[in-house]
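One structure is given below, encoded as structure tokens.
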Amino acid sequence: MIDEWIRQVPAEHCDCGQTHRAALPEWLTGRQITARFLERLSQFDTSHIWLMADPDTYAAAGRHLEQAIRDRHMPISCFIFQGRRPEASEHTVAAARLGVPDDMSLLLAVGSGTINDIAKVIAAETNVPFFVYATAPSMDGYTSATSSLLIDGRKISLATKAADLVAADTDVLAAAPMEAIQSGVGDVVAKAVSLAEWQMASVITGEHYCPHIAGLVEHALETVLASAPRLLDREPDAVEALFAGLLVSGLAMNLAGHSRPASGMEHYISHLWDMRAAALGTSADTHGRQCGVGTLLALDLIERTCRLQPTAERADAHLDRFVLAAWHDELKTLLGPAALPLIEAETSEQKYDPDKVRNRAGRIIRNWPKITDILQSVITRREAIAAALSAVHAPLTVGELTVSEPETEKVLLATRDIRDKYITTRLLFDTGETDSIHAG
């Protein structure tokens, strides 16, 4: 399935004008894969394997793998994070660094999102072979070459190292908590928004857009939407289809050289809830469950956006009223100390520069029919996306998440500051239509 999809993206002479030559990891999936996994492992330097896990992922697969590796007489030591659900941050990376053996020959990460993000940083720093053994179909970072880390209170996408091999036993994946399966579905359905915003940005800013890579992610999205009704019963083929969709999303990011095919406004909603939790002590939910709700919030906002008719007069009037210092004060109220990196980033990004805003507003107004055609195409998918989330009993509203003090309208406004990436809320700012956020 995955190989067939990947072949649709030309490595050279792509219609988009770029070459897609990213190094792609191997993947090994199926049922009862331990013997095949150990055989592949033995083809690398196994003089000292270092296994990283947390208590839950060690119980799910790590203990079994450790014993199987010892039975093959391969030297192995383990680093198990203390406590459930460690956060991928500068602090947990530092803790992991202290445990790295001087003679580590291969890093084996057993887990899902957090373990994978931390391990990729260590693998990039040590440049040793790096294997991931997945324990849940919960996120799309297994095959990507980036890590999402909380640094100085800000969610950062850091260039790291893709795994040499991603392995997953379907039985282990199917036994993951339903919350993890819900997260995986939420992470995949989010691609509907990210793909539309990527294409929209190419019209407004001239950003590179590859229809073949977008098509790759579309295949993954459609496959997961079709298989979602069978996930509640943990049917193996549906679980494998979900995991394939997640792997392909990560591969698409590698091929594109950035995260555009897989994250947009909906991910930034999730990041902001995570940042508030870290800085202010509010509670957050899992990343993928938040992304699922964020996708529905984004679709509702996109629908209201399509009903607008931007004008230069309204855009100019809004820009004349805008006070950057006052906006920065609002960010500080929303995010506490976590707002400071966002404020500092504006120094280099200059997204609020009046001349740049006016230029973008002009392009938006001139290309409004084309932009709305792009955005309308994603609105039509709302029912199917909501149905896929409902099929696994995932949250559909903010109130169903374990997010305390969500500040939804303020979070939506702040999404435009998370990355220097053009998304719907930046379009609304440029055209002076931010009141559309409050209208929801």
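The values are calculated or read from the model by the stated rules, or taken from the named source; none is laboratory data. This is a predicted model, so every value here is computed, not measured. Cβ coordinates were reconstructed from backbone atoms using ideal geometry, including for glycine residues, and neighbour counts include every protein chain displayed.
Identify the residue in segment 25-58 that is part of a strand (DSSP E or B) and under 23 Å from the mean Cα position of the chain (by Cα) and, among all such residues, is farthest from Val239 (Cα to Cα). Within segment 25-58, the match that is farthest from Val239 (Cα to Cα) is Met52. Arg234 satisfies every condition listed in (1) crowded, with 19+ Cβ neighbours inside 10 Å; (2) in contact (Cβ under 8 Å) with a residue 12 or more places away in the chain except (1).
None of Glu125, Glu197, Glu207 is in contact with a Lys or Arg (Cβ under 9 Å, 6 or more places away or on another chain), touching a residue at least 60 places away in the same chain (Cβ under 8 Å) and surrounded by fewer than 24 Cβ atoms within 10 Å (Cβ to Cβ) except Glu207.
The single condition from (1) touching a residue at least 40 places away in the same chain (Cβ under 8 Å); (2) touching a Ser or Thr at 6+ places or on another chain (Cβ under 9 Å); (3) not aromatic (Phe, Trp, Tyr) that His64 fails is (1).
Remark: Ala22 falls outside the filter, which requires a residue to be modelled with pLDDT of 95 or more and within 28 Å of the chain's Cα centre (by Cα).
Applying the criterion of at least 1 residues that are touching a Gly at 6+ places or on another chain (Cβ under 8 Å) and not basic (Lys, Arg) to the helices (runs of 4 or more DSSP H) found wholly in segment 59-163 leaves 113-126. Quick check: anything in segment 264-279 hydroxyl-bearing (Ser, Thr, Tyr) and over 30 Å from Leu216 (Cβ atoms)? There is no residue in segment 264-279 that is hydroxyl-bearing (Ser, Thr, Tyr) and over 30 Å from Leu216 (Cβ atoms).
Pairs meeting the criteria (first residue in segment 338-366 and under 25 Å from Thr305 (Cα atoms), second residue among the polar types (S, T, N, Q) and part of a helix (DSSP H, G or I), beta carbons under 9 Å, at least 6 apart or on different chains) are Arg360/Thr205; Arg363/Thr205. Residue check: is Ile423 more than 24 Å from Cys291 (Cα to Cα), surrounded by 17 or more Cβ atoms within 10 Å (Cβ to Cβ) and not polar (S, T, N, Q)? It is false that Ile423 is more than 24 Å from Cys291 (Cα to Cα), surrounded by 17 or more Cβ atoms within 10 Å (Cβ to Cβ) and not polar (S, T, N, Q).
Let's see how each residue does on (1) of a type in the set (Val, Ile, Thr); (2) crowded, with 23+ Cβ neighbours inside 10 Å:
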{"residue": "Asp285", "(1), (2)": "no, yes"}
{"residue": "Gln290", "(1), (2)": "no, yes"}
{"residue": "Arg304", "(1), (2)": "no, no"}
{"residue": "Val323", "(1), (2)": "yes, no"}
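In segment 365-407, how many residues are assigned to a helix (DSSP H, G or I) and surrounded by 20 or more Cβ atoms within 10 Å (Cβ to Cβ)? The total comes to 7. Of the numbered conditions (1) hydrophobic (A, V, I, L, M, F, W, C); (2) surrounded by 24 or more Cβ atoms within 10 Å (Cβ to Cβ); (3) more than 24 Å from Gln82 (Cβ to Cβ), Ala109 fails exactly one; give the number of that condition. Checking Ala109 against (1) hydrophobic (A, V, I, L, M, F, W, C); (2) surrounded by 24 or more Cβ atoms within 10 Å (Cβ to Cβ); (3) more than 24 Å from Gln82 (Cβ to Cβ), the one that fails is (3).
For segment 251-260, filtering for residues that are in a loop (DSSP other than H, G, I, E, B) and out of contact with any helix residue (DSSP H, G or I) (no Cβ under 6 Å at 6 or more places or on another chain) leaves 2. Of the numbered criteria (1) in a helix (DSSP H, G or I); (2) hydroxyl-bearing (Ser, Thr, Tyr); (3) crowded, with 24+ Cβ neighbours inside 10 Å, the one Ser227 fails is (3). You will find that of Val189, Val172, Val166, the residue that is touching a residue at least 60 places away in the same chain (Cβ under 8 Å) and in the same structural domain as Gly264 (by TED's automatic domain parsing) is Val189 and no other. When Ala168 is tested against the conditions (1) assigned to a loop (DSSP other than H, G, I, E, B); (2) buried (at least 24 other Cβ atoms within 10 Å of the Cβ), the lone failure is (1).
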